[in-house]
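Data first, discussion second: the structure below is written as structure tokens.
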Amino acid sequence: MNLWNQHDLKVMETREKAILLKEEFDKKHGINIKDYSQKLNRFLDRRLKQESDLILKRHLFLTIFSLASLNRKIYK
């Protein structure tokens, strides 16, 4: 499995985890609370902060690495 496929798999796993956490939040607090979106975003941020930061860093690395390798192939 190449690096992009692994990255996509990790993104999909994190998305599934976010959906489960949203359902958990909805059961606990309901959807008709004041500032629902704000509270849900804070909840998800607390739970998924490290994973989302890692995904962003991995994506940037893969993009820069791909561009650098393409640049080498073009000019050599």
- Quickly run through the range 34-76 and pick out the residues that are more than 20 Å from LEU9 (Cα to Cα), in a helix (DSSP H, G or I) and modelled with pLDDT under 90. LEU67, ALA68, SER69, LEU70, ASN71, ARG72, LYS73, ILE74, TYR75
- Query: Just one of LYS28, LYS22 is part of a helix (DSSP H, G or I) and open to solvent by 90 Å² or more (accessible area, probe 1.4 Å); which is it?
  - Reply: LYS28
- Query: LEU40 is checked against (1) touching a helix residue (DSSP H, G or I) at 6+ places or on another chain (Cβ under 6 Å); (2) of a type outside the set (Gly, Ala, Ser); (3) in contact (Cβ under 8 Å) with a residue 24 or more places away in the chain and fails just one. What number does that condition carry?
  - Reply: (3)
- Item | Only listed residue being among the aliphatic types (A, V, I, L, M) and more than 21 Å from TRP4 (Cα to Cα), chosen from LEU54, LEU70, LEU20 | LEU20
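The values are calculated or read from the model by the stated rules, or taken from the named source; none is laboratory data. This one's a predicted model, so the numbers in the text were calculated from it and none came from an experiment. A quick note on method: Cβ atoms are made from the backbone with ideal geometry, for glycine too, and the neighbour counts reach across all protein chains shown. Side chains are part of the model used for accessible areas, which takes the heavy atoms of the whole protein and leaves out ligands, DNA and RNA. Shrake-Rupley method; radii C 1.70, N 1.55, O 1.52, S 1.80 Å.
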